[in-house]
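Here the structure is laid out as C-alpha cells; the discussion comes afterwards.
The values are calculated or read from the model by the stated rules, or taken from the named source; none is laboratory data. Just so we're clear, the structure is a prediction, and the values are computed from it rather than from any experiment. Positions of Cβ are generated from backbone atoms using ideal geometry, with glycine treated the same way; all protein chains shown enter the neighbour counts. Side chains are part of the model used for accessible areas, which takes the heavy atoms of the whole protein and leaves out ligands, DNA and RNA. Shrake-Rupley method; radii C 1.70, N 1.55, O 1.52, S 1.80 Å.
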Amino acid sequence: MIHNRLSVFRAERGLSRKDVAEKVGVNPQTIGYLERGDYAPSVELALKLAAVFGVRVEDLFSLAPFAPLAKALRKSGEA
Amino acid sequence: MFVRSKTHPMGRRLTRRAVLALTGAVYALYGAGCALQLLPLGPDLAASASVAGLLMIAASLAAFALLAGSSLQRQAQEPESQLDERERFERNRAAYVAFSAFAGLVLLGVFYIVIANDLAEAGKAELWIPQTSAHWNAVFWGLMLLALTLPAAVLAWSSGDAEDQAADDL
C-alpha cells in the first residue's frame, strides 16, 4: 500500500479536489481515491502532484506510514 | 453505450446500489418479460401474459435508459482518451471480469442447447430451446443488454461506498 499526505498539502494550500484534479488532468474523484489510499498513482501522476505542491515525491507518497503531524511538529520544535 | 446529456456531460452520478439495482431490474424484467411473451401458457392466459410481458420489457428498457446516462456507464464505454489513469485501470479490470462472466454464460447457454437437442433426438426429454425467430430475437437482444451493462455492473460492484463518492465533490 502507498501512503500519502495529499489531503494535508491540499488543505494547507486551500485547494479543492477539483482544483488539484484540473492541475494534473484527472477526474476529481481520482484525487479522492488517491487520498483514501484506494488507488496507487503512476509515476507520472505522482510527479505531477508533487510539482503542484512544490515538494519532492517522497514528501507526498511513502511505502511506510507518515508520522502524525503533531509528532512531526514536536520533533521539529525539539531540534 | 453511453448517452451523454447536456446537463451531465460526465454522466449522472448514481450510487453503486442504484446502479446494481437498475442492472438487476434490466436483467430480471427482460428475462421475465420474454418468458411471458414467448412461453406457451394456454389460450386463457396468452393475451394478458403477452401484455404483461411487453410492459416488463418496456420497464427493463427504461431501467437501461437510466443506466445509459450514468457516470459508471461513461467509465465503462468511453474511449480511452477520455478517461484518466484510474478510470482506465478500473475499466480494464472490470472489462476482464465482465468478459469472463459473459463468455461463461454464453458457453453455458450453448452447452444447454446441445444437451437439449441430444435429449430431444434420443426421445428422452423435451427441454425448451429457441426455435422461432421471435425466440432468437429475444436471446440476441438479451445478450446485447447483458454485454452493454455488465462492465458498468462490475464497476459498481467493485467501487467504493456512496458516501466516499459524494465526498469526492469537495
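Got a sec? Which of B:Ser81, B:Ser133, B:Ser100 is closer than 18 Å to B:Tyr30 by Cα, open to solvent by 50 Å² or more (accessible area, probe 1.4 Å) and without any contact (Cβ under 8 Å) to a residue 60 or more places away in the chain?
Exactly one of B:Ser81, B:Ser133, B:Ser100 is closer than 18 Å to B:Tyr30 by Cα, open to solvent by 50 Å² or more (accessible area, probe 1.4 Å) and without any contact (Cβ under 8 Å) to a residue 60 or more places away in the chain, namely B:Ser133.
Is one or more of the residues making up region A:5-27 over 12 Å from the mean Cα position of the chain (by Cα), among the acidic types (Asp, Glu) and either surrounded by 14 or more Cβ atoms within 10 Å (Cβ to Cβ) or on the phi < 0 side of the Ramachandran plot (or both)?
Yes, region A:5-27 has at least one match.
Can you tell me which of (1) part of a helix (DSSP H, G or I); (2) within 14 Å of another protein chain (Cβ to nearest Cβ) is the one B:Met10 doesn't meet?
It is condition (1) that B:Met10 fails.
So that you can scan it fast, the table gives a plain yes or no per residue for (1) under 22 Å from B:Phe140 (Cβ atoms); (2) at pLDDT 95 or above; (3) more than 22 Å from the chain's Cα centre (by Cα); (4) more than 14 Å from chain A (Cβ to nearest Cβ):
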residue	(1), (2), (3), (4)
B:Leu39	yes, no, no, yes
B:Ser50	yes, no, no, yes
B:Gly53	yes, no, no, yes
B:Ala65	yes, no, no, yes
B:Gln77	yes, no, no, yes
B:Asp84	no, no, yes, no
B:Arg88	no, no, no, no
B:Ala103	yes, yes, no, yes
B:Ala122	no, no, yes, yes
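Among all residue pairs at least 6 apart or on different chains, which show Cβ distances below 6 Å where the first residue, located in region A:30-43, is more than 7 Å from chain B (Cβ to nearest Cβ) and the second is of a type in the set (Gly, Ala, Ser) and crowded, with 19+ Cβ neighbours inside 10 Å?
A:Ile31/A:Ala21
Which of the residues belonging to region B:127-149 are assigned to a helix (DSSP H, G or I), over 15 Å from the mean Cα position of the chain (by Cα) and closer than 18 Å to B:Val114 by Cα?
Once the filter is applied, which keeps residues that are assigned to a helix (DSSP H, G or I), over 15 Å from the mean Cα position of the chain (by Cα) and closer than 18 Å to B:Val114 by Cα, region B:127-149 yields B:His135, B:Trp136.
Would you point out the residue of region A:28-42, among those that are surrounded by 17 or more Cβ atoms within 10 Å (Cβ to Cβ) and not aliphatic (A, V, I, L, M), that is nearest to the chain's Cα centre (by Cα)?
Top of the filtered list is A:Glu35.
Inside chain A, counting only helices (runs of 4 or more DSSP H) that do not spill past its ends, which hold 3 or more residues that are not charged (D, E, K, R)?
Qualifying helices (runs of 4 or more DSSP H): A:6-13, A:17-24, A:28-36, A:43-53, A:69-78.
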